[in-house]
Structures are given as C-alpha cells and as structure tokens.
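Asks: Structure in structure tokens, see below.
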Amino acid sequence: MSIYTRNGDTGFASTKNRMRIPKNSPVFKLLGALDEFSSALGLSKQKLPQTIRDVVEQIQQDVIAISGEIAGGEKFTTKEKVDHLEQAIDSIMTQLPEIKSFILPGETEGGAALDLARTVVRRAEREAVAASQMGGMSRDTIAWLNRISDLVYALARMADFSGGTPISKPEEETATSTPVATPAVAVAADEKITVDGNQFCDKAERLCEAVMTKARAEGLGVVTAVCDKGANLVAFKRDDNAFLVSIDVAINKAYTSASLKMTTEEVAKLTEPGAGLEGLQYTTNGKLILFGGGVPLYDSNGELVGALGVSGGTADQDKGLAEYGAQLFTQSF
C-alpha cells in the first residue's frame, strides 16, 4: 500500500472543512504541533513508570481526537473535559512536595522528556490562538490545550519524584546558586507603591488597573494591555485567574488597534472576504486580532496616543470593558 498521494506536492492541502489551503496556514501549523506533541509523549513513555505511561497514552488518544476536531471532524473539547483535566492536575499536585522555585528540567529522564513535550504543546496553544482568527476554533479547545500542558507539567514532577530524585533541594544546599531575581532596592512590607505620574506609561498603568477592577466587579478575570501609538507595549496586567492564552490575545488586540488606528471589530469587518483588507490578518504572524476587545486611545484633545487590549471574557464582554477603558482614559486620564 502506498503511503503517498502526491496531492500535497504544490504546497496546498485540505481538511474536512477547509479546501486547498497553504500548508503553512495556522490550522496546519497547529495540527503539526499536535503531531509533534504526541511524538514527544511517545518518546517519554519509554522512560516512565507504568502508572504514568497509562496516563500519557490516554493523552495521546485525546490528541488524536482534538486533531480530528480541528480538522473539521467530530467535536471533542468541552468545558467538562477541561474541568476533568483541572481535577486530575490538582489530584497529582496534592501528592507531591510543595514546589517553591522554578524547575530545571533533567532531574530524571522521564521528567525531562515530559518537560520537552510540555513545551511543544505550549507552542500548539499559541498556534491555536493564531488559527482561531480564521474561525472554527472554540474557546474550549484553547482552554483544553492550556490545561493539558499543565497536566504534563504535573506528570513530569511526578516522574521526578517517583524516580527518587528530590523535586527541589533544601535551601541551604542551593545557597551558592544564582538567584532567579534579586530586588535592587529593599521595600518595606507595608509600603505601597503607586503610579501617579503624568507620562503616558503612568496613565497606561492606571488604566490597566481600572479596567481590571471593573472586570472583577463583573466576575471576570482578565488580562489588560496598553500599547503606545507606535504599537509598542507600555503596560500590562494579568488577573490571577485569567487564562494564560489571554496574555498574547490582549497584547495583540492592543497592537492591532494601535497599528491600524481602529477597533479590532472594525478590522474584522475590513478583512472579511471581498472587503478592502481581505487577507491582511495573514501578514503579521498572527498578531492581528479580529474580534472585540481592542480599542484606540485618544487624549482629551482627540489625538491618538495608543490602544487598549482586553481579553478574558467573551468577545462582547471584552469589547464592553475596552470601550469602558477608552472612555475613562479620555475623560479622566
């Protein structure tokens, strides 16, 4: 039986719901990353105890299922599956010693192999965000990819612990190691640092805080980001319970609005098939966002000074928070 078809020799291929698209399109980059993830998991299985191997093999089966969904097949990801992953992660981590520092991969062969697989699925998550701009990518899919990377991290730590190697060494044994970060200035525990200057970066910092406070009042955990008029990031704030994927999305929403001087919703309309900017979203490596939550910022004189991006809720919720922030900036900042 031949394993080649010659159908992709021109650099184009098809999925179940997308016909003849370039092989370097976001959806194929995502499917390729998932294939790489499953292969990395397969390598890790050869170095793991049987109990962990069984879980890893189930993850591989799930990767096949989610790849089918992404390619236009039967839906796999649901909120219930995401919740199930969170329960599994919590169950594993409660069985392990408390981790108080960054992990340096390589304590055991199995743990190192899983850490490598985790970096691949993190890339798959980023590719999913880019692919979502083409449509057909559910929020549950992105959330599932985020949680599966956390599960692989937990399994890696379990592999290290099962291998008999301590997850973290006692503090006195690591006193000579280089610290991750050392504050240049000591600050008293009860001293509160506030930003009250009048530079744009100061105002941007306060705006991120104000929008996040508004989001919390609405029961949302969000990420807020502000770019200057040159589309350079100047302020960023993430709520503890905000999705990790929202980091890039919020930053890119601000980038989109600043670079095109319009809301992300307006950009979406102009890039629809037949519109004046059709295809523009494929020219910036996935940085252009085509759904609500990015707005330009104008000062009290009506001059464009930057843009705000908000991510964490639905498109409508992000849009409402961004519009609130834009109005607050013009009137109060």
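The values are calculated or read from the model by the stated rules, or taken from the named source; none is laboratory data. Keep in mind that what you see is a predicted model, and the values were worked out from it rather than measured. Methodologically, a virtual Cβ is constructed for each residue, glycine included, from the backbone with ideal geometry; neighbour enumeration extends over all protein chains shown. Please note that ligands, DNA and RNA were not included when accessible areas were found on the heavy atoms of the full protein model with its side chains. Shrake-Rupley method; radii C 1.70, N 1.55, O 1.52, S 1.80 Å.
Residues are listed down the side, and each one gets a yes or a no for (1) on the phi > 0 side of the Ramachandran plot; (2) open to solvent by 90 Å² or more (accessible area, probe 1.4 Å); (3) part of a helix (DSSP H, G or I); (4) at pLDDT below 90:
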position: Asn7; (1), (2), (3), (4): no, yes, no, yes
position: Thr15; (1), (2), (3), (4): no, no, no, yes
position: Arg18; (1), (2), (3), (4): no, no, no, yes
position: Asp35; (1), (2), (3), (4): no, yes, yes, no
position: Leu41; (1), (2), (3), (4): no, no, yes, no
position: Ile59; (1), (2), (3), (4): no, no, yes, no
position: Val82; (1), (2), (3), (4): no, no, yes, no
position: Ser91; (1), (2), (3), (4): no, no, yes, yes
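Asks: Is one or more of the residues making up the stretch 260-268 modelled with pLDDT of 95 or more, part of a strand (DSSP E or B) and at negative phi?
Replies: no
Asks: Something else: Between a first residue in the stretch 206-220 that is within 18 Å of Ile247 (Cβ to Cβ) and a second residue that is part of a helix (DSSP H, G or I) and open to solvent by 70 Å² or more (accessible area, probe 1.4 Å), which pairs have beta carbons less than 8 Å apart while being 6 or more apart in sequence or on different chains?
Replies: Short answer, once both residue conditions are applied: Val211/Tyr324; Leu220/Gln317.
Asks: Considering each of Val234, Val226 in turn, give the residue that is within 18 Å of Leu328 (Cβ to Cβ), open to solvent by 30 Å² or more (accessible area, probe 1.4 Å) and assigned to a strand (DSSP E or B).
Replies: Working: Val226 fails: open to solvent by 30 Å² or more (accessible area, probe 1.4 Å).
Going through Val234, Val226 in turn, the sole match is Val234.
Asks: Could you list all residues from the stretch 278-287 that are surrounded by 15 or more Cβ atoms within 10 Å (Cβ to Cβ) and either without any contact (Cβ under 8 Å) to a residue 24 or more places away in the chain or among the aromatic types (Phe, Trp, Tyr) (or both)? Break it down stepwise before answering.
Replies: Just the residues of the stretch 278-287 that are surrounded by 15 or more Cβ atoms within 10 Å (Cβ to Cβ), to begin with: 280-282, 286-287.
Scanning the stretch 278-287 gives Leu280, Tyr282.
Asks: Residue check, Thr77 against (1) within 14 Å of the chain's Cα centre (by Cα); (2) buried (at least 19 other Cβ atoms within 10 Å of the Cβ); (3) under 23 Å from Ser25 (Cβ atoms); (4) not acidic (Asp, Glu), all met but one. Which one?
Replies: (1) is the only condition that Thr77 fails.
Asks: Considering Gly292, Gly325, which residue is among the small types (Gly, Ala, Ser), at pLDDT 85 or above and under 21 Å from Arg206 (Cβ atoms)? Don't jump to the end; show me each part of the working.
Replies: On the way: Gly292 fails: under 21 Å from Arg206 (Cβ atoms).
On inspection, the qualifying residue turns out to be Gly325.
Asks: Do the conditions hold for Asn301, that is, is it within 21 Å of Pro26 (Cβ to Cβ) and part of a loop (DSSP other than H, G, I, E, B)? If you could, list the steps in order and put the result at the bottom.
Replies: Values: within 21 Å of Pro26 (Cβ to Cβ): no; part of a loop (DSSP other than H, G, I, E, B): yes.
No, not satisfied.
Asks: While we're here: From the set of residues in the stretch 205-223 that are assigned to a helix (DSSP H, G or I) and among the small types (Gly, Ala, Ser), which is surrounded by the most Cβ atoms within 10 Å (Cβ to Cβ)? Reasoning before the result, please.
Replies: So in the stretch 205-223, the residues assigned to a helix (DSSP H, G or I) come out as 205-217.
With the extra rule that they be among the small types (Gly, Ala, Ser), the set shrinks to 210, 215, 217.
Numbers: Ala210: 17, Ala215: 25, Ala217: 8.
Here the answer is Ala215.
Asks: Another question, then. Would you check which residues across the stretch 315-333 are open to solvent by less than 80 Å² (accessible area, probe 1.4 Å) and of a type outside the set (Ser, Thr, Tyr) and list them?
Replies: Ala315, Gln317, Asp318, Lys319, Gly320, Leu321, Ala322, Gly325, Ala326, Leu328, Phe329, Phe333
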